[in-house]
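Trainee: Pasting in a structure now, in structure tokens, and then I'll have a few things to ask.
Readers should treat all values here as calculations from the given coordinates under stated rules, not as data from a laboratory. Everything numeric here is computed off the predicted structure, so don't read it as measured data. Cβ sites come from the backbone with ideal geometry, for glycine too, and all protein chains shown count toward neighbours.
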């Protein structure tokens, strides 16, 4: 690594380091879709001059934008989380054939342990399947250096480059050397290259040969790539590892010999053979699937891995040391802490919708977003959640499978950003194939779950500048939905009325649940009049508690305490509202039948 004086170093997260590296590498176009743990890359990159950045409606579009910019000659960064690469897989595999003009680096941010994801797929397999090189850094400093190298590899070998991070690498912070911006390729004119960019079968067959040649050249390149290095040490056990697992191994076995793999694909098999010959036993340490292990064993190199190291969840030094039968006294063991289930914020508009929806005997197909928390008690108002945009297709499929046997309508629940991402085509299918399901679009005016990023329906772009806001009502009607209703989910009574009418309607209908996220800056500035509970009036019915609002707590009572308070001895408790947490949304006020909730001044 290049030695740089401390004045040229910054304390950066992995995502911040990647953004800095993209700017230094001369990137001029960047596109992506927000998704933890990748989101902060573009949020930081958009603050640098001379780089056009955007949030695309989905990852497929982001990669297609990147390919277009590359075809024009620009250096391009495309960002997404691991499941986003599934959405972008169609252009990804063809991008391997077309190659590049300006370098393309595609960030795939994997999420072992599923901290904020519906699965923990291992995207190293994409590199092998799509025949693309993949680089994998271990820390923020390495992320900066390696990303800059990735652009050079992309242009030298005429290929997109996959760049894999994981949650820990993305969010951990460290000292990172910084440099000046390099002038990258400049898109000054269109150069038509149909034989390279038009993937008709005849051209694609020729490009397929180019891929084979490219992989041969890359296989030779990785053998001398400096980031694939050997840390010499005790030869009893030799570890082969990469990414964040390298740091875990170094902490657990600081004196061991380690082969650090930076080029996840293709692998430096000659270097691996040389390393294996130097140690008594080879142990592969990698998070999730036995990717390295499978390919190394296939090359005829003896090793062990997943027979000892867990194949699920995140690793850490304690797990690795324990898995190999070593004493763990010098490494902190994980601490058991009480579970703290996630919850919607006080005043969240989704709560009012789900509170009502839970009362209907319908199958509720859910989707990806904050509102997925509607699955949890006490709301318990979600019956499936597959992937971005799937709720609409699931509801339609169930509707068609059950036909006249359906014991009630199927309902799809989807957020505004998710609807823009991949819900529109599902709704087109519903209308085209005459579904009887109801689609509820939870429009809180922002992409909330990943940290309030703009989307095509929110009215601003990644820079915070005004942008055209898609009118969801007009869009749904243009698709062919005849019945489109808008409700305020805080209005419990009106919301229930509209739900009843549309769920009973024997054709496709859409309800737009419209209310802004309570964490939006403008909502935070709004004067709040918190509510309070009037304990004397509370009968302990628990209706307000079943909203699941964090501002409402249940205070249990013994028979003696109830009697002392002048209540019926059988009353088990009462509800209490925290003035500090209450947002004043009024949902609890709407459901209370005993005048036990109101403004503080109303108590007199």
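Trainee: Rounded to the nearest 500 deg cm²/dmol, what is the calculated helix-only ellipticity per residue at 222 nm for the chain, with -39500 (n - 2.57) per DSSP H run of length n ≥ 4?
Mentor: -9500 deg cm²/dmol
Trainee: Just need the Rg to Rh number for the range 6-224, please, alpha carbons only, Kirkwood Rh.
Mentor: Checking Rg against Rh, the ratio lands at 0.95.
Trainee: On to the next question. For a distance above 14 Å, tell me the whole-number percent of Cα pairs in the range 527-603 that qualify.
Mentor: Pairs farther apart than 14 Å: 57 percent.
Trainee: Which values, in whole Å and largest first, are the semi-axes of the equivalent ellipsoid of the range 331-379 obtained as the square root of 5 times each eigenvalue of the Cα gyration tensor?
Mentor: Semi-axes from the Cα gyration tensor: 30, 12, 10 Å.
Trainee: I want to verify the translational diffusion coefficient of the chain in µm²/s; compute it with Stokes-Einstein, Rh as the Kirkwood radius over Cα pairs, at 37 °C and 0.692 mPa s. Write out the running numbers ahead of the final one.
Mentor: Numbers: Rh = 26.9 Å.
Here the translational diffusion coefficient equals 122 µm²/s.
Trainee: Another one. In the range 349-524, what percentage of the DSSP-assigned beta bridges are antiparallel, given to the nearest 5?
Mentor: Details: 2 of 23 bridges.
If we restrict to bridges inside the range 349-524, about 10 percent are antiparallel.
Trainee: Let me ask something else about it. If you wrap the range 317-447's Cα atoms in a convex hull and average its projection over all directions, what's the area in nm²?
Mentor: 12.0
Trainee: Same structure, new question: Based on alpha-carbon positions alone, could you give the equivalent ellipsoid semi-axes of the range 48-129 from the gyration tensor, as √(5λ), descending, whole Å? Present the calculation step by step, with values, prior to reporting the outcome.
Mentor: Working: eigenvalues 104, 48, 21 Å².
For the range 48-129, the ellipsoid semi-axes come out as 23, 15, 10 Å.
Trainee: For the range 229-323, state what percent of all Cα-Cα pairs lands in each successive 5 Å bin, counting from 0 Å until the bin that includes the largest distance.
Mentor: Bin by bin from 0 Å, the calculated values are 3, 15, 29, 29, 19, 6, 0.
Trainee: Take every DSSP beta bridge whose two residues both sit in the chain, then give the antiparallel share in percent to the nearest 5.
Mentor: 25
Trainee: Give me the three principal axis extents of the range 219-258 from the C-alpha atoms, as integers in angstrom, largest value leading.
Mentor: Extents along the principal axes, in whole Å: 31, 21, 12.
Trainee: Right, another one. For the range 124-268, count all C-alpha to C-alpha pairs, find those more than 27 Å apart, and express that count as a whole percent of the total.
Mentor: 34
Trainee: Kirkwood Rh over Cα pairs of the range 1-109 into Stokes-Einstein at 25 °C, 0.890 mPa s: D in µm²/s?
Mentor: Rounded, D is 174 µm²/s.
Trainee: Please arrange 134, 463 by counting, for each residue, the other beta carbons lying within 10 Å of its beta carbon, fewest first.
Mentor: Numbers: 134 23, 463 12.
Placing the least packed residue first, the sequence is 463, 134.
Trainee: Same structure again: What is the Cα coordinate range of the range 400-466 on the first, second and third principal axes, sorted by size from largest, in whole angstrom?
Mentor: 50, 21, 14
Trainee: Additional query: Using r as the Cβ-Cβ distance of residue 220 and residue 191, and R0 as 35 Å, what FRET efficiency do you calculate, to the nearest 0.05?
Mentor: 0.75
Trainee: Let me know the Kirkwood hydrodynamic radius for the range 349-524, please, with Cα pairs as the basis and the value in Å to one decimal.
Mentor: Radius from the Kirkwood sum: 16.0 Å.
Trainee: Starting with the fewest neighbours, write out 114, 80 ranked by other beta-carbon atoms found within 10 Å of each beta-carbon.
Mentor: Sorted ascending by nearby Cβ count, the order is 114, 80.
Trainee: What is the Cα convex hull volume of the range 556-598 when expressed per residue in Å³?
Mentor: With only Cα atoms used, the range 556-598 gives 91 Å³ per residue.
Trainee: Using the Kirkwood radius over Cα pairs, work out the Stokes-Einstein diffusion coefficient for the range 455-515 at 20 °C and 1.002 mPa s, in µm²/s as a whole number.
Mentor: This corresponds to a translational diffusion coefficient of 164 µm²/s.
Trainee: While we're on this one: Can you give me the three principal axis dimensions of the range 165-222 from its C-alpha atoms, in Å, biggest first?
Mentor: Largest to smallest, the principal-axis extents are 49, 32, 24 Å.
Trainee: Let me ask something additional. For the range 275-367, report the convex hull volume of the alpha-carbon atoms normalised per residue, in Å³, without decimals.
Mentor: Measuring per residue, one finds 210 Å³ for the Cα hull of the range 275-367.
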